[in-house]
Amino acid sequence: MFRTRAALAVGLLALTASLAGCSAGSPTVDTIGDVDFDTPLAIPPLAQPVEDAAGRTRFDLTAQPGTSHFTAAGATRTLGFDGAYLGPTLVADRGDTVRIDVHNRLDESTTVHWHGMHLPAAMDGGPHQRIAPGGDWSPEWTVDQPATTLWYHPHPHGETAGQVGRGLAGMFIVRDPLEAALALPRTYGVDDIPVIVQDARFDDVGRLLRESRDFVGPLGDTLLVNGTVGPRLEVTTDVVRLRLLNASAARIYDFALSDGRELALIGTDGGLLERPVGLPSVRLSPGERAEVLVRMAAGETVRLQSRGPGAGGTALGSANGLRDRFDVLELAASDSLLSAGTVPGSLVSVERLDDLDASAERRFVLDGTQINQQHMDPGRIDEVVTVGVTEVWDVRNTMALPHSFHVHDVQFQLITAAGEQPPPELSGWKDTVLLAPNSEYRLIMRFADYTDPDTPYMYHCHLLQHEDDGMMGQFVVVAPGQRAGTIEPGENHDQH
Ligand code: C2O
Ligand code: CU
Ligand code: CU
């Protein structure tokens, strides 16, 4: 691990001081009104798969270094998949067997994790599926989950923040017939728009600054949307669908429209909601996604912004940049708009998991950068789950700061959120959830298949610096009566 315990102790001291002094030290960033939206929003290209003789949909992804131009101060050295920054958008249909040929052309080892995907542990791209520099890795699985917006990013233990922060991330869209039957905008890059939001900080020659001694992790003062600074999107349809992804290390956003009109939330991490929910703002912690519809009138301009805590936000405190305000993306409608669909009254039916069906309950207490008083040990399996079982995970944040809790392999539902009945925006499938300070969340999930006693999945805080500091645990899914195996030591050769 890069960060020493001493650095962490300094961070905790600073944290204590800032809690006592009410966010002294970190000045509030406010870019509203200061962003020239003069650059067309970059749309990550669609990956072009080929169908092979075995009927698999094959993609090719190469992690590589590159040079990007974000600021007038100078060129920025970045990382990307198949390009200088970020990666292509992968699209697959439910039922497709995909194989992804990943090539590591970085000078450091990496992994590629399919965040939110239900798949065998050996294909998950977590810390145990390291790809050496110059190496290749070809995971394969059958996509079997509802239409939604997932993403992919590296997951090498201790180095995730650095690699994601330099640009290694991309979107993975799952489609299915239920979604396709709805009158929703779905023309990629036209009325169905990826919106990958990251915050960055540059030095005076244009280099990315990523280090942070702050407990929450690095917070930038410049927003990148799909790698574009000051992005403007020409909207040509009367309804536009935004697939929002918070790919930032630590920042929590409250996305809202500049004129106060509601966003129609249609989907969360793991799929569509039962019906659209009109919201003044949509909050996303690192790792979370949301699909929203925005209705546009011909000729108008409206801005997507992130504006401090919305209703109830004060409970989150001011860490994670919650006091900051940003102009994010300008939506500029053409003088005449094509009709892209509607905001449907209802979407899909969401099967409710019932806690009466749960046969196991586990408790996770998050404190400092530990879960259940332990840091990640790649050689230790923390939890053993029996396949086919529904479980309740009781997750408690005992700190005065937020965390973001993510579980690999499954999508979960919330039984309670901060002790309450979950609000409509937390009523659908989720794989990552913001944990408000000093709050308890009850998650329910089913581990339907894919046993492998020797290869763990991860659960962790998705604030990337916390994750890198070891705020992560490992679980295996086993057959009934089977015991957890051992993790092959060779798989951990890159650990510090
Ligand atoms: Cu987005 Cu374990 O990751
Ligand atoms: Cu994940
Ligand atoms: Cu955390």
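The values are calculated or read from the model by the stated rules, or taken from the named source; none is laboratory data. Treat the numbers as computed from the prediction; the structure is a model and nothing was measured. In this analysis, Cβ positions are derived from the backbone assuming ideal geometry, glycine residues included, and neighbour counts consider all displayed protein chains.
Annotation note: of Asp144, Asp101, the sole residue that is assigned to a strand (DSSP E or B), touching a residue at least 40 places away in the same chain (Cβ under 8 Å), away from ligand 1 (no atom under 13 Å from the Cβ) and over 28 Å from Val239 (Cβ atoms) is Asp101. Annotation note: of Val112, Val102, the sole residue that is assigned by TED's automatic domain parsing to the domain that holds Trp151, in contact with a Pro (Cβ under 7 Å, 6 or more places away or on another chain) and modelled with pLDDT of 95 or more is Val112. Selection of strands (runs of 3 or more DSSP E) fully inside the stretch 257-329 by the criterion of at least 1 residues being within 17 Å of Asp30 (Cα to Cα) and at pLDDT 95 or above returns 301-307.
Out of Thr432, Thr386, Thr398, one residue alone is under 30 Å from Arg483 (Cβ atoms) and more than 16 Å from ligand 2 (Cβ to nearest atom). It is Thr386. Within the stretch 382-404, track down each residue that is within 16 Å of ligand 1 (Cβ to nearest atom) and either in a loop (DSSP other than H, G, I, E, B) or under 27 Å from Ala479 (Cβ atoms) (or both). Residues satisfying the conditions are Asp382, Glu383, Trp393, Val395. Restricting attention to the stretch 455-468 and to residues that are more than 10 Å from ligand 1 (Cβ to nearest atom) and touching a Phe, Trp or Tyr at 6+ places or on another chain (Cβ under 9 Å), the residue that is nearest to Leu119 (Cα to Cα) turns out to be Pro456. Taking the listed residues Gly95, Gly33, Gly87, the one that is in the same structural domain as Ala169 (by TED's automatic domain parsing) and exposed (fewer than 14 other Cβ atoms within 10 Å of the Cβ) is Gly95, with no other qualifying.
Checking the condition surrounded by fewer than 21 Cβ atoms within 10 Å (Cβ to Cβ), within 14 Å of ligand 3 (Cβ to nearest atom) and not assigned by TED's automatic domain parsing to the domain that holds Arg166, which residue from Pro453, Pro437 passes? Walk me through how you get there before you give the answer.
Numbers: Pro453 fails: within 14 Å of ligand 3 (Cβ to nearest atom).
Checking each option against the conditions leaves just Pro437.
Within the stretch 203-246, the only residue that satisfies the criterion of being assigned to a loop (DSSP other than H, G, I, E, B), under 30 Å from Asp191 (Cβ atoms) and of a type in the set (A, V, I, L, M, F, W, C) is Val229.
Close Cβ contacts (under 6 Å, 6 or more residues apart or on different chains) running from residues in the stretch 159-179 that are at positive phi to residues that are hydroxyl-bearing (Ser, Thr, Tyr) comprise Gly167/Thr78; Gly167/Tyr85. Taking His155 as meeting all but one of (1) out of contact with any strand residue (DSSP E or B) (no Cβ under 6 Å at 6 or more places or on another chain); (2) within 16 Å of ligand 2 (Cβ to nearest atom), write down the number of the exception. Here His155 meets the rest and fails (1). The set of residues in the stretch 355-376 being in a loop (DSSP other than H, G, I, E, B) and either of a type in the set (Ser, Thr, Tyr) or free of Cβ contacts under 8 Å to residues at least 60 places away in the same chain (or both) consists of Thr369, Gln373.
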